[in-house]
1. Among the listed pairs Lys43/Lys79; Lys7/Lys79; Lys7/Lys35; Lys7/Lys91; Lys32/Lys79; Lys35/Lys91, give every one whose C-alpha distance is greater than 20 Å.
2. For the pair Lys9/Arg90, report the inter-label distance in nm, with labels modelled 7 Å from Cα in the Cβ direction.
3. Taking the Cβ of Leu47 as the centre, find all other residues whose Cβ is under 14 Å away and add up their charges (Lys, Arg: +1; Asp, Glu: -1).
4. How big is the Kirkwood radius of the chain, worked out from every pair of different alpha carbons and given in Å to one decimal?
5. Once you charge only the Cβ atoms, +1 for Lys and Arg and -1 for Asp and Glu, what is the size of the charge dipole of the chain about its Cα centre, to the nearest 20 debye?
6. I'd like to compare 18-24, 41-47, 87-93, 55-61: which one has the highest average count of other Cβ atoms within 10 Å, and what's the full order after that?
Amino acid sequence: MGSLSTKEKHIVLRFNKQIERESTNIHGDKIKETKECYSYWSKQLFLHTRHLSILDWRTIRSNNYYNQIDSIIGIERDKFILRRVIDYLRKNQ
């Protein structure tokens with residue numbers, strides 16, 4: 001994935017703070033696992049897709065992508081997109 005720019009580091013820090021808020025209650029007790037947080041998956045998508053071009057996205061979203069994505073909601077949707085991105089990156093790097 002490469003090194004992060006200063007701006008990207010700032011974005012990751014914001015994701016980390018949001019993940020912390022989502023995974024703990026007001027008393028600081030952990031109420032859910034990190035991977036159950038929406039922001040965790042948003043952060044993963046950001047880290048894996050920050051250098052993708054429009055052409056990359058066209059390839060990732062080809063075939064039956066839209067038929068599949070329309071039937072998925074919530075975190076499962078982000079996981080699906082991330083799997084497509086990772087598969088694409090493995091094949092093209």
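Values in this text are rule-based calculations from the coordinates and carry no lab data. It should be emphasised that the depicted structure is a prediction, and the values quoted were computed from it without experimental measurement. Cβ: placed from backbone, ideal geometry, glycine included. Neighbour counts: every protein chain shown.
1. Lys7/Lys79; Lys7/Lys35; Lys7/Lys91; Lys35/Lys91
2. It works out to 3.1 nm between the two label points.
3. +3
4. Result for the chain, one decimal place: 14.7 Å.
5. On the way: 18 positive and 11 negative charges, 60 e Å.
So the dipole magnitude of the chain works out to roughly 300 debye.
6. Final packing ranking: 41-47, 18-24, 55-61, 87-93.
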